[in-house]
Each structure stands twice: as structure tokens, then as C-alpha cells.
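One structure below.
Each value in this text was obtained by applying a stated rule to the coordinates, not by laboratory testing. Keep in mind that this is a model prediction, so the values were computed, not measured. Please note: Cβ atoms are built from the backbone with ideal geometry, for glycine as well, and neighbour counts cover all protein chains shown.
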Amino acid sequence: MARDPLDIIEQRESGGKNVPNYKYGPGFTASGHYQMINATWRRWAKDAGIDISQYPRAIDAPKEVQRAVAAHGFQKEGFKPWEATKHLVGQEAKYSRDPTAVVPPRRPDGAPGPRDAPSAPATPQQGMLSSIYEPFEKLAAERKEQQAEQQLAAAQALAADRPPVAPPPPPAAPAAPPVDFAALMFPRIRRGLLGGDSYGLLG
């Protein structure tokens, strides 16, 4: 079975790695899995509907985006743009390609990928984890509700068994000390004895 030409290009150009150009020095701009120079990348990416402001170089884009752009270029120009596969120019018909694998259907946002690919959930509770944790969360909620009902029933039963508690009486006023009549009468008796008859005993 013939191999996919994009797989051949990728293996010969980068060895299957997303790397900058390392064969010809820093002055060359080829990069990515398919080693596309910046000018070619921008031209093909625009034609393929890729936002080059988001991916200015091939190496900046995810592999599936690079593959979509490389597939577009291969459909237009064959093996010719790639130095490592120029010996295969004119033999493009010998290599079969699965169009759906080379150029995946585009999503509504324009990026390569399945048209109906689900977006990532904003929170784990909305994704696959919800199916794992849902039974435990439900059990915990039921348990918490049962505990609240039990506490309420216990409080009502306790309130029904206890008689109403009367407020404490106000504190009593302090009792007045007893009157010492002897202490009151002694000065008078003394004055009567010492003062003569003019005052008398009670004067």
C-alpha cells in the first residue's frame, strides 16, 4: 500500500519533530513538522483559511494545522516545494492520500478538526468527571439533609418535654437592721441622771 506523501515529507524534512530549520543554518526560516519557510507558510495558510496572525510561522501552529497547510500546498505543487522530496517530483500519482486524514473537515471557527468536535467543559462538573463524582455528591447531599432533619426533630422533642422556664424573680431589697432601743435611750437616761430634775429622765 502506498504511503501518505505528507508522512514521507514529514519524516524526511524533520524526522517527525516540530523543530526550526537545523540543516542550513540560522538564516533559513523553514520550521515545523513539514519545514515550510515563512513566505510559503503565509501564502499556503491564507489559502487554507488559517489565521497567520495567530500562527505567523509553521512552528507556532499545532501539528494538525501544519498538516492542513502542508496538504493544501501538496495539492497545489506536489513534492516540489520540499528539498528533501524533490527526487519524487512527478511521482505524486503513485502515492495515495486519504483526504479526510490530510485535510480534516473544518470546525465552525475555521480551525482544522472535526466539525462537531465538542468544546472543553468550562468546569470539571460539566465534563466526564461529573459522571464519576455525581453518585458521591448525591449521597453526601442526602446524608446532610438527613442529619439536618434529625437535629430539627431532636430540638422539637426536647422543647416539648421541658416545661416553660419562668424568669428569675427580682432580687429582694436588703432588710433594715433591727433598732437598738437601749442605745437610743441610754444618752437620755444619762442626761436625766446628771442634769437634775429640770429635764427629767426623758427630757
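Values computed for the structure shown
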| read-out | value |
| --- | --- |
| Long-range amide H partners of M36 with built H, under 5 Å | S31 |
| For V19, distant residues with modelled amide H under 5 Å away | G32, H33 |
| Charge tally in the Cβ shell below 11 Å around Q11, where Lys, Arg are +1 and Asp, Glu are -1, Q11 excluded | -1 |
| Candidate lysines - alpha carbon under 22 Å from K94, same-chain residues fewer than 8 apart omitted | K76, K80, K86 |
| Three-way shape call for segment 18-85 based on the alpha-carbon gyration tensor, with the a/c threshold at 1.5 | oblate |
